[in-house]
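I have placed the structure first, in the form of structure tokens, so that the comments after it can refer back to it.
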Amino acid sequence: MTDTILETRKLRKEFNGFVAVSDVDLSVQRGTIHAVIGPNGAGKTTLFNLLTHFLKPTTGVTIFNGREITGLPPHRIADLGIVRSFQISSVFPHLTALENVRIAVQRRNGVGRNFWTSERWLTKFNSEACGYLADVGLEKFADTQAVELSYGRKRSLEIATTLALDPELMLLDEPTQGMGHEDVARITELIRKVSANRTILMVEHNLGVVANLSDTITVMQRGAILAEGDYDHVSRHPEVIEAYMGGGGHA
Amino acid sequence: MSVPVQARAGRFNAVHVLVFAGALIALGALPFAVYPVFLMKAMCFAIFACAFNLLLGFSGLLSFGHAAFFGSASYLSAYALSAWGLSAELSILFATVSSAALGAVFGAIAIRRQGIYFAMITLALSQMIYFAALQADFTGGEDGIQGVTRNPVFGLIDITDNLSSYYFVAVIFVFAMFAVYRVVHSPFGQVLRAIRESESRAKSLGYHTDQYKLVVFVISAALSGLAGGTKALVVQVASLTDVTWQMSGEVVLMTLLGGMGTVFGPAVGAVLIVTLQNFLNSFGSLVTILIGAIFVVCVMLFRRGILGELQARFGRK
Amino acid sequence: MPEPAILIDVNDLSAFYGESHVLHGVSLTIRAGEVVTLLGRNGAGKTTTLKSIMGIVRQRQGSIKINGLETVGLPSNRIARLGVAFCPEERGIFSSLSVEENLLLPPIIQPGGLGLDDLFTLFPNIRERLSTRQGTRLSGGEQQMLAIARVLRTGARILMLDEPTEGLAPVIVEQIGEAILALKARGFTIVLVEQNFHFASGLADRNYVMEDGVIVEMVAREEVREKAGLLQEYLGV
Amino acid sequence: MTTIFDMPIAILGLQILIGLQNGAFYALLSLGLAVIFGMMNVINFAHGAQYMLGAFLAYILLSWLGLGYWWALLLVPLLVGIFGLAVERLFLRHLYHLDHLYGLLLTFGLVLIVEGVMVDMFGASGLPYSKPDLLQGAERIPLSWVTGNERDIMMMPVYRLWVIAASIVVCLIVWFAIEKTRLGSYLRAATENPTLVRAFGINVPIMVMLTYGFGVALAGFAGVLAAGLQAVTPHMGSSLIIVVFAVVVIGGMGSIMGSILTGFVLGLIEAVVKIAYPEATNIVIFVIMICVLLVRPAGLFGREA
Amino acid sequence: EKLSDNAVRIGVMTDMAAVYADLSGQGSVVAAEMAIEDFGGTVLGAPIELVSADHQNKADIAAAKAREWIDTDGVDMLTDLVTSSVALAVQEVGKEKNRVIMVVGAATSRLTGENCTSTGFHWAYDTYALANGTGTAVVKNGGDSWFFLTADYAFGHSLESDVSKIVEKNGGTVVGAVRHPFPTTDFASFLLQAQASGAKIIGLANAGSDTINAIKQASEFGIVEGGQNLAGLLMFITDVHALGLDAAKGLFMTTGWYWDLNDDTRAWAARFEEKVGRKPTMVQVGVYSAVLSYLKAVEAAGTDEATAVSEALKSMEINDVFTTGGKVYANGRMAHDMYLVQVKKPEDSSGAWDYLDVVRTIPAAEAFQNPAETGCPITN
Ligand SMILES: Nc1ncnc2c1ncn2[C@@H]1O[C@H](COP(=O)(O)OP(=O)(O)OP(=O)(O)O)[C@@H](O)[C@H]1O
Ligand SMILES: Nc1ncnc2c1ncn2[C@@H]1O[C@H](COP(=O)(O)OP(=O)(O)OP(=O)(O)O)[C@@H](O)[C@H]1O
Ligand SMILES: [Mg+2]
Ligand SMILES: [Mg+2]
């Protein structure tokens, strides 16, 4: 069964006259892994920001599960089941890795606003949080403060945190950036694993990962969609090769 | 609260229990050693500073207008006590609730701004309160509300003598400290920490961060109001002093001096500053110099604040 | 042909972050005109090594000689004036500066750096976005380009690039590879930290492999093939 | 005489000029603060005290050493600046890596010390300082070109004209030095990430120290100007400092021109309020600040975070 | 037992470091010490002890400290109390705890009016006396139209309204007033409004640095040259000192005391100056007089119980360096002669502190309000 989980119509974003996303019609099928690739500055992250409502579109609408969600504030979007990771890693630096993940687990269980009970009550979420850490290979660092993690591990932590929300649609902005080869492999596997009953939309520059994972690929350039299709299709597209992949395109 | 009591109690170790019991006993015995009015005043400021620290220390919000809550509450409870003859606890409750309401208004305006802008908006709003206090009729202008009476608690228990009012204030104090502790060490407190660390990440995880900040702002304002309302009862005066920006500054200093990352540090800082002001009182301009010097030394050498420094030394989390 | 002079000579370097001891006796040498890479898993200590050479990590022991001068006691601004430039992995674009201000920020240390025109040919995005008021408004990849462009301008003869291709589109990665070779040809010395082994090994004269804060292997260009097994073990490639 | 709002136009015009002159003080002080606050992220609470110190030094130079106003104008900023350098070197330097609250606390402590010492040495009620002969008296400014009436003449005190002129010149010089040279971007960058800027080869500690000293010197300069207008008292700075902070915030932190323009404009607005509703003079700036920040979160000329 | 805990303790509570520190402050403490010394150091055979504190012009600090002194240190009398809010708060504590409060530094007439207490006294001056002294004299001198620069708080308002009444009673008119915020450093705008009003007299219903700055800046705009005159409604000799004679010359003001009145005052002032380094103000010498009178009253009453001492005070005649023939009214007001003074021209002054010429002595009965009209319920 494939139906459309997310759809945009004529989505557009201008920054002081500069068009970063230009009338994009994107449609993401439920249960697939959908990759967005494109040259730097093509508007991929901006598109993510529009989808999660971190930015307000200049014009255009977004439809999620058949429902228009255009005006909602970002936290409502997350409530609906759309969660993102950030391109430039964004963790809670002085919380331990475990606490980082637990914040998300807590959110999913809707116990954030509870200010009358002890936080010890939260320990019941620890084992679940540890599970997510183990998924990304950070179990050894559960009690390390996030600042002290190396760059690559921070990114793994961020993915674990995102996963912990168990989102219906997960947006990953360059999940493997800054990771070593083994980690890239592990994250690729992880993404495949977690994609089982959810939809994943991701931006990625690592073509190996893209080729390996994605069901559909949308190529953006200068804010607009240049090509769309599976990997074989887009990797042969001459304009894509010229604008994005270059000579060594096939990883 | 679904967690079994045993499971929680089990996490209290003997040291905690001892420290806690010791503190309670000390609190009960203290008025026999130290002048109770002074102690009550110190407790009021301690509540104020701890309430303030909910914002500064645990949510990363520097409010530079907290005197508005403290001061307006002190006026309102003074007025309720002397003009309406309301009982002590109701007057204080009235002041607390009003401060919470004021906090909701201030919070709604200020909360969307960050850092220094947040500080300046709160300052500006509190200057409005100052202006109102100076101009309004019921506040008595710069003469303040004088001769506030200590009405009986529940209309029954007489608290006109210092010792009985001390125990009344001590109960409020313990309640407020517990409230602060509870808020900080709660699931909500955990989210606040996360918001302070990275607001955008918290948002993307689905937290409505503005709402969280507003809630903590209101809690902090309410507790500041509790402190101010109680203070009017204690010193039996409500005056402009409590609504000036200098008072907002003083509470920042108390908090930093005591340790802003700690729950009870601000109380220690408050007590210390009140004590300094009290005992060095007759030295004139030398006091100013001395207090200034103490701040400089603290910032340079004990910057985690007194309690923060102690915790770091003795390795508690 | 005589060996080119040793430019950077690191001997038994230890580095610390507060209490934690991160580098445990790193030794490496870099000769004038070489491209040398530092490879290793996440957290191996590559960044820390660069930062120690640069003097950004101040808690360090051992010896770091740049052009024969001991620099362990020097502050980073003095080290930079010796002609060493550093491009950090987290990019370090300043949000309070416009793109142009970011680009022009590092002072020219010696003549011979790339001119603006060269930089714009290399990274056309930057020319286009020059007037953006906050550097951090750029896309991730554009920020990376800006961070690289910024140090290429300074004329420093030793470039230390920490994961410069991270987040860049394959075409740009290719171009950066070419640029590095061009710079090498102009006599620059380049130290490269990379996760992208294929990219790095294609450029490098020598590769150092790090693990847990020490150098565990040095692989010269000629040996890459024969030591493939070893690299597989250390890097998982 | 021509009148507007029941007020002779000559007097109205004068009110405006005086607003400008008060604005000149706001501009000068907020400029120094903006340099320190916007460029170094230090909340220099001692700015008012340093301004007061400037006024006192002018008094001391005159009464102890017989050095008059012009000497004071030259020497006082230097002396106050040196005081600033010492403060930076001894204290502030060790606080940059911390939350900027600590800078606030430290400078607050310094205020208490400096004010206490001054009260101890000179008393609290104030000292007289006389301006030089050259700047005594009032300038006749004809307004007949506006009103057509020969009798409309403003009598603007020369000293106040001088304050406006001196302040504009200094503000423009500073603006040029910071915005039109590389200095401003070095400073802003160093605030954000000093380690990296240092790794570019810039001696950040020295640069920051000089910047602080310079900002403080501006406060000292304003202090000398003020000594000619008002009683020199140990508390003259503390009532001003909060308003000046407000000016910097309205202008937008980090914007030099923003601080200057806002300073002058707010002086003018205040002048109007002083006529229309004088009781509100002390809060009008705060009302404006709230309005501005609600509409423009980073102030009028600030960069959005 | 006649004396509580066998000692008489006097507390001087004053502004030690802020704006009123010069006119009271440490000098008030020294004056109190001098009074104790002149009295002989003991009363009724018991020692006299002095404590002092800084109330920082904050009512809550003052009230709390007053309670502490009374409850734990056995202080019998408190004096000085410089600002109105402080004085009102402490007088309230004195009422509750039955202690003698002798306010010297504060100005508000409320202390012996609606807020009077049976053990509260007001010693040196009050807003009524100042308004009355300056207002009457100035109108009589031809200054019959007034414009006020009023500090926008209760003290300023009451000073303004007191003076207005007097001006109108004497046949003058009030043409306007501008309420300026407190504190204000630049008065130019307000002065111009005063100038535009055309009033002959600009009354300064403010205090301290506000008054100083207003006067200093008035000279810039040629206000005096333009035919208008300034009247400082609450000024101390320290204010004249801060202004310098150049700026202050010709100014009228009312004071309760001046050091250069007669040989006694000169001698006392010299003694004081030796210890403090400057001439005394009316507040400081007022503290001396209050303490001395209190001790005499304790001796006369034979106890330090407040009501008895108050009775004794009210039946005494006050004769000391501060005043001769002073009377204490039932409402606690000590009525004594006041002086209308004018600031000397620089060329007429022999140097520092030689600042004032006494123009007129205002007899006590005329200077202070008739207790029956004050609104104080205590009438005998
Ligand atoms: N807030 C902003 N203000 C101005 N310009 C912006 C802003 N955000 C993004 N841009 C510009 O919009 C364009 C698209 O940026 P975006 O971050 O979406 O690119 P991207 O496709 O994610 O690139 P990359 O692969 O490098 O991450 C870029 O040129 C960028 O400079
Ligand atoms: N600021 C810090 N405080 C404490 N420990 C740190 C800090 N920065 C790094 N570390 C630790 O030092 C070790 C080396 O880190 P470094 O950043 O040098 O690794 P790296 O090889 O560059 O890794 P990556 O490929 O992920 O960038 C890691 O274990 C890391 O956790
Ligand atoms: Mg991107
Ligand atoms: Mg690294």
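The values are calculated or read from the model by the stated rules, or taken from the named source; none is laboratory data. Every value quoted in this text rests on a predicted model; they were computed, and no experiment measured them. Glycine gets a Cβ as well: all are built from the backbone with ideal geometry, and neighbour counts include every protein chain shown. For the accessible areas, the whole protein counts, side chains as well, though only heavy atoms, and no ligand, DNA or RNA atoms are used. Shrake-Rupley method; radii C 1.70, N 1.55, O 1.52, S 1.80 Å.
Some notes on this structure:
- Some residue of segment A:31-51 being within 16 Å of ligand 3 (Cβ to nearest atom), without any contact (Cβ under 8 Å) to a residue 40 or more places away in the chain, among the polar types (S, T, N, Q) and touching an Asp or Glu at 6+ places or on another chain (Cβ under 6 Å): yes
- Candidates in segment A:148-199 are the residues that are within 12 Å of chain C (Cβ to nearest Cβ) and either over 15 Å from C:ARG41 (Cα atoms) or of a type in the set (Val, Ile, Thr) (or both); of these, the one that is farthest from ligand 3 (Cβ to nearest atom) is A:GLU148.
- You will find that of C:ASP162, C:ASP117, the residue that is away from chain A (no Cβ under 14 Å) and either at negative phi or away from ligand 2 (no atom under 16 Å from the Cβ) (or both) is C:ASP117 and no other.
- Only residues that are acidic (Asp, Glu) and either touching a Phe, Trp or Tyr at 6+ places or on another chain (Cβ under 8 Å) or within 16 Å of ligand 2 (Cβ to nearest atom) (or both) were counted across segment C:165-186, and they come to 1.
- Of the residues making up segment C:144-160, none is within 16 Å of ligand 4 (Cβ to nearest atom), open to solvent by 10 Å² or more (accessible area, probe 1.4 Å), not charged (D, E, K, R) and not in a strand (DSSP E or B).
- Residue in segment C:54-63 that is in a helix (DSSP H, G or I) and either under 18 Å from the mean Cα position of the chain (by Cα) or within 16 Å of ligand 3 (Cβ to nearest atom) (or both) present: yes
Yes or no, residue by residue, for (1) among the aromatic types (Phe, Trp, Tyr); (2) facing chain B (nearest Cβ under 8 Å); (3) farther than 20 Å from A:MET220 by Cα:
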{"position": "A:THR58", "(1), (2), (3)": "no, no, no"}
{"position": "A:GLU68", "(1), (2), (3)": "no, no, yes"}
{"position": "A:LEU80", "(1), (2), (3)": "no, no, yes"}
{"position": "A:GLU99", "(1), (2), (3)": "no, yes, yes"}
{"position": "A:ALA104", "(1), (2), (3)": "no, yes, yes"}
{"position": "A:ASN109", "(1), (2), (3)": "no, no, yes"}
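- Some residue of segment D:111-119 being more than 14 Å from chain B (Cβ to nearest Cβ), in contact (Cβ under 8 Å) with a residue 24 or more places away in the chain, surrounded by 23 or more Cβ atoms within 10 Å (Cβ to Cβ) and not hydroxyl-bearing (Ser, Thr, Tyr): no
- Taken over segment C:104-140, the criterion of being within 16 Å of ligand 3 (Cβ to nearest atom) and assigned to a loop (DSSP other than H, G, I, E, B) is satisfied by C:PHE123, C:ARG129, C:THR132, C:GLN134, C:LEU138, C:SER139.
- Condition met for A:LEU26 (under 18 Å from A:MET170 (Cα atoms), within 16 Å of ligand 1 (Cβ to nearest atom) and at pLDDT 85 or above): yes
- If the condition is being at the interface with another protein chain (Cβ under 9 Å from one of its Cβ atoms), surrounded by 18 or more Cβ atoms within 10 Å (Cβ to Cβ) and touching a residue at least 24 places away in the same chain (Cβ under 8 Å), then segment D:157-205 contributes D:TYR159, D:ARG160, D:GLY184, D:ARG188, D:THR191.
- Here C:GLY140, C:GLY213, C:GLY177 are screened, and the one residue that is open to solvent by less than 20 Å² (accessible area, probe 1.4 Å), within 12 Å of ligand 1 (Cβ to nearest atom) and within 14 Å of chain A (Cβ to nearest Cβ) is C:GLY140.
- Single unsatisfied condition, D:LYS274 versus (1) within 9 Å of another protein chain (Cβ to nearest Cβ); (2) in contact (Cβ under 8 Å) with a residue 24 or more places away in the chain; (3) within 15 Å of D:PHE25 (Cα to Cα): (3)
- Looking across B:GLY141, B:GLY71, one residue alone is open to solvent by less than 20 Å² (accessible area, probe 1.4 Å), more than 30 Å from B:VAL34 (Cα to Cα) and not basic (Lys, Arg). It is B:GLY141.
To keep it simple, each residue is scored yes or no on (1) under 30 Å from E:THR323 (Cα atoms); (2) more than 7 Å from every other protein chain (Cβ to nearest Cβ); (3) aromatic (Phe, Trp, Tyr).
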{"position": "E:ASP152", "(1), (2), (3)": "no, no, no"}
{"position": "E:THR173", "(1), (2), (3)": "no, yes, no"}
{"position": "E:GLY198", "(1), (2), (3)": "no, yes, no"}
{"position": "E:ILE223", "(1), (2), (3)": "no, yes, no"}
{"position": "E:GLY244", "(1), (2), (3)": "yes, no, no"}
{"position": "E:GLY250", "(1), (2), (3)": "yes, yes, no"}
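- Selected residue (criterion: surrounded by the most Cβ atoms within 10 Å (Cβ to Cβ)) from residues of segment D:29-86 that are touching a helix residue (DSSP H, G or I) at 6+ places or on another chain (Cβ under 7 Å) and not in a helix (DSSP H, G or I): D:ALA46
- Residues in segment D:176-191 that are in contact with a Leu (Cβ under 8 Å, 6 or more places away or on another chain) and part of a helix (DSSP H, G or I): D:ALA177, D:ILE178, D:SER185, D:TYR186, D:ARG188, D:ALA189.
- Members of segment B:40-56 found to be farther than 14 Å from B:LEU256 by Cα and away from chain E (no Cβ under 14 Å), listed by number: B:ILE47
- Taking segment E:255-372 as the region of interest, the strands (runs of 3 or more DSSP E) fully inside it that hold 3 or more residues being open to solvent by 20 Å² or more (accessible area, probe 1.4 Å) and touching a Leu at 6+ places or on another chain (Cβ under 9 Å) are E:356-362.
- Here D:ILE285 passes the criteria (1) closer than 30 Å to E:SER209 by Cα; (2) surrounded by fewer than 19 Cβ atoms within 10 Å (Cβ to Cβ) except the one numbered (2).
- Check on A:THR52, hydroxyl-bearing (Ser, Thr, Tyr), buried (at least 16 other Cβ atoms within 10 Å of the Cβ), more than 14 Å from chain C (Cβ to nearest Cβ) and farther than 23 Å from A:TYR244 by Cα: yes
- Only listed residue being more than 30 Å from E:VAL276 (Cα to Cα), open to solvent by 70 Å² or more (accessible area, probe 1.4 Å) and within 14 Å of chain B (Cβ to nearest Cβ), chosen from D:LEU134, D:LEU90, D:LEU101, D:LEU105: D:LEU90
- Single unsatisfied condition, A:GLY178 versus (1) within 16 Å of ligand 1 (Cβ to nearest atom); (2) without any contact (Cβ under 8 Å) to a residue 12 or more places away in the chain: (2)
- Comparison of B:VAL263, B:VAL271, B:VAL215, B:VAL287 shows that the only residue that is free of Cβ contacts under 8 Å to residues at least 24 places away in the same chain and surrounded by fewer than 24 Cβ atoms within 10 Å (Cβ to Cβ) is B:VAL287.
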